[in-house]
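Only the coordinates and a few stated rules stand behind these numbers; no lab work does. The structure presented is a predicted model; accordingly, all values stated were derived computationally and were not measured. Cβ atoms come from the backbone with ideal geometry, glycine included; neighbour counts cover every protein chain shown.
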Ligand code: FES
Ligand code: FES
């Protein structure tokens, strides 16, 4: 077992884990943050996306020990401490960017990294950025719309799904 310490959603977290423990399993099973999902075993679906030191990563592709000392942000830490939702969370709700919700945490964490780097992305930039996130329900259109709306852009011109 290896002693691993990191900051998760602003709080210090320390656990003893096997060296082979994936970060996504560490977050879900050891820390109890189950908002981050596991949707595949091939690193394709993006349901597991979290931020590590400000970068969006698929948490199934990283070992917990590799995140030693890192700042990790999961979907549970995205809203304000007083419960005010992040603009992306509001927009996914307002624009029906989810159905079953399984992909949503990963979608939102990926989109959040896009908006940090590019506060007003075009539709094609949003679609390109979310290529690593798979949704089985929505057809993606309302997800793209929600991301653009969260960035303050007028989405009325985008055709309704
Ligand atoms: Fe990580 Fe699917 S669970 S990409
Ligand atoms: Fe169901 Fe995306 S909302 S997988």
- Can you work out the FRET efficiency for the pair residue 154 and residue 19, with r the C-beta to C-beta distance and R0 = 41 Å, to the nearest 0.05? 0.25
- Item | Gyration tensor verdict on the range 117-161 (Cα atoms; rounded if a/c is under 1.5, prolate if a/b is larger than b/c, oblate otherwise) | oblate
- FRET efficiency for residue 29 and residue 131 from the Cβ-Cβ distance with R0 = 30 Å, rounded to 0.05, comes out at 0.60
- Item | Principal-axis tilt of helix 141-150 within the chain, Cα atoms, nearest 10 degrees | 80
- Using every Cα-Cα pair within the chain, state what percent have a distance larger than 23 Å. 36
- Note on the structure: Only helices counted: for the chain, with every DSSP H run of 4 or more residues adding -39500 (n - 2.57) and the sum spread over all residues, [θ] at 222 nm is -7000 deg cm²/dmol
- From the P(r) of the range 73-116, can you give the percent of Cα pairs sitting at distances over 16 Å? 32
- So how tilted is helix 104-117 from the main axis of the chain? Cα-based, degrees 0 to 90, rounded to 10. 80
- Assuming R0 = 41 Å, what is the FRET efficiency of residue 90 and residue 66, from their Cβ-Cβ distance, to the nearest 0.05? 0.80
- Picking from 58, 11, 145, which is most flexible by a Gaussian network model of the chain using Cα springs under 10 Å? 11
- Item | Packing-based ranking, highest mean first, of 46-53, 34-41, 104-111 given that Cβ atoms within 10 Å are counted | 104-111, 46-53, 34-41
- Taking N as the number of residues in the range 81-156, what is its Cα Rg relative to 2.2 N^0.38 Å? 0.99
- Can you give the Rg to Rh ratio for the range 1-87, taking only C-alpha atoms and Rh from Kirkwood? 0.95
